[in-house]
1. For the pair L32/A105, report the inter-label distance in nm, with labels modelled 7 Å from Cα in the Cβ direction.
2. Show me the trypsin sites (Lys or Arg not before Pro) within segment 14-115 that DSSP assigns to loop and that have at most 12 other Cβ atoms within 10 Å of their Cβ.
3. Which shape class applies to segment 3-87: rounded if a/c is under 1.5, otherwise prolate when a/b exceeds b/c and oblate if not, where a ≥ b ≥ c are the square roots of the Cα gyration tensor eigenvalues?
4. So between V140 and E190, what do we pick up on full extension, going 0.36 nm a residue minus the alpha carbon distance?
5. Using DSSP to call loops (not H, G, I, E or B), can you name the GluC sites (Glu not before Pro) in segment 36-127 whose Cβ has at most 13 other Cβ atoms within 10 angstrom?
6. With θ set to phi - 60° and the Karplus curve 6.51 cos²θ - 1.76 cosθ + 1.60, what are the ³J(HN,Hα) couplings of segment 15-23 in order, to the nearest whole Hz, using x for Gly and Pro?
7. Given R₀ = 22 Å, what would the calculated FRET efficiency be for Q207 paired with Y120, taking r from the Cβ atoms and rounding to 0.05?
8. Contour minus end-to-end for I54 and L23, with contour as 0.36 nm per residue of separation and end-to-end as the Cα-Cα distance?
Amino acid sequence: MDLSDFGLTFLLVGAAALVLPFLDPRDSRARLVLFGVCIVLTWRYVAWRFAATIPPLALHLDSLYPWMFAIVEAAAAIGSTLAYIMLGRTLDRGPEATGNPAWLAGQVRLPRVDVLITTYNEEEPILTRTIVGAMGIDFVCLRIWVLDDGHRPWVEQLCHGKNVRYLARSENRHAKAGNINHALDVIHREPDPPEFIALFDADFVPQSNFLWPGADATAFLQQRPDPIEPIDQQCLARRAALLFRPRDAVEGRLGRRLLLRHVVGYPDAGSRGDRRVSHR
């Protein structure tokens with residue numbers, strides 16, 4: 001093995017060790033440079049993979065097999081490149097979040113906010129803590145709904161005991177997304193429908209200051225970065241990235257009811273409906 005083949009790698013690793021500690025991760029220029037280097041190295045590897053490691057393309061197994069794997073790696077490199085591009089820039093919403101409470105406090109009439117807690121098979125201690133957390137949100141015009149797709153009598157009793165609204169549908173079509181869309185239809189028919197909808201999973205507890213930085217005059221959908229506390233011990237491993245980087249958590253969502261219901265709805269396909277709503 002010729003160590004000179006790794007010269008560029010050693011150079012980049014050494015440069016990174018010297019420079020990275022002094023870079024501000026919020027600086028878009030630094031992020032663009034770092035992700036640009038990652039993109040160059042990724043496609044340098046792909047070029048080497050096709051140029052030096054696979055045989056000429058021919059219609060037999062010894063050729064098609066390595067080509068198939070190389071194409072899969074190239075497809076993965078495309079996905080990585082797109083991720084690098086999306087992560088290369090950040091947007092600081094701190095000033096807007098700081099100003100939103102002032103806008104909200106200046107309203108003649110505070111807007112009504114309905115909190116929707118989706119649940120299917122969570123245990124009673126988990127759901128109870130989430131309901132109690134929602135009841136503790138610092139806001140006057142608040143109404144809490146528990147959307148039970150598990151059709152459990154004890155959940156209905158719990159809601160009556162906590163004086164929150166219980167809602168269940170006759171079938172579980174489209175899982176969580178269908179549960180939310182059904183609730184939006186029911187809420188729309190209420191005599192006093194809300195202006196904002198807040199969505200929470202049953203295993204995340206909202207903090208008391210969730211609404212004030214998020215509600216503003218123009219936003220359609222916001223994913224709050226810091227309003228939740230994970231409570232299900234089994235979910236800690238599954239959501240380790242959220243726990244280690246809590247500012248990236250997206251389980252608390254606040255959106256305008258009319259736009260959410262009439263313009264896009266909540267997407268039925270896939271497990272990342274919140275992201276699909278944002279893209280729409």
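1. According to this spin-label approximation, the distance is 3.8 nm.
2. Values: sites: R26, R29, R31, R44, R49, R89, R93, R109, R112; in loops: R26, R89, R93, R109, R112.
For trypsin sites (Lys or Arg not before Pro) across segment 14-115 that sit outside H, G, I, E and B with at most 12 neighbouring Cβ atoms in 10 Å, the list reads R26, R89, R109.
3. Details: a/c = 4.85, a/b = 1.91, b/c = 2.53.
Verdict is oblate for segment 3-87.
4. Length gained, V140 through E190: 16.2 nm.
5. Details: sites: E73, E96, E122, E123; in loops: E122, E123.
In loop regions of segment 36-127 (DSSP not H, G, I, E or B), the sparsely surrounded GluC sites (Glu not before Pro) are E123.
6. After applying 6.51 cos²θ - 1.76 cosθ + 1.60, I find 5, 5, 4, 7, 9, 4, x, 9, 8 Hz.
7. Computed FRET efficiency for Q207 and Y120: 0.40.
8. Working: separation 31, 0.36 × 31 = 11.16 nm, distance 3.92 nm.
Result for the pair: 7.2 nm of gain on full extension.
Each reported figure results from applying straightforward, stated rules to the coordinates on display, with no laboratory input. Because the structure is predicted, anything quoted here is derived from the model rather than measured. So basically every Cβ, Gly included, is an ideal-geometry build from the backbone, and we count neighbours across all protein chains shown.
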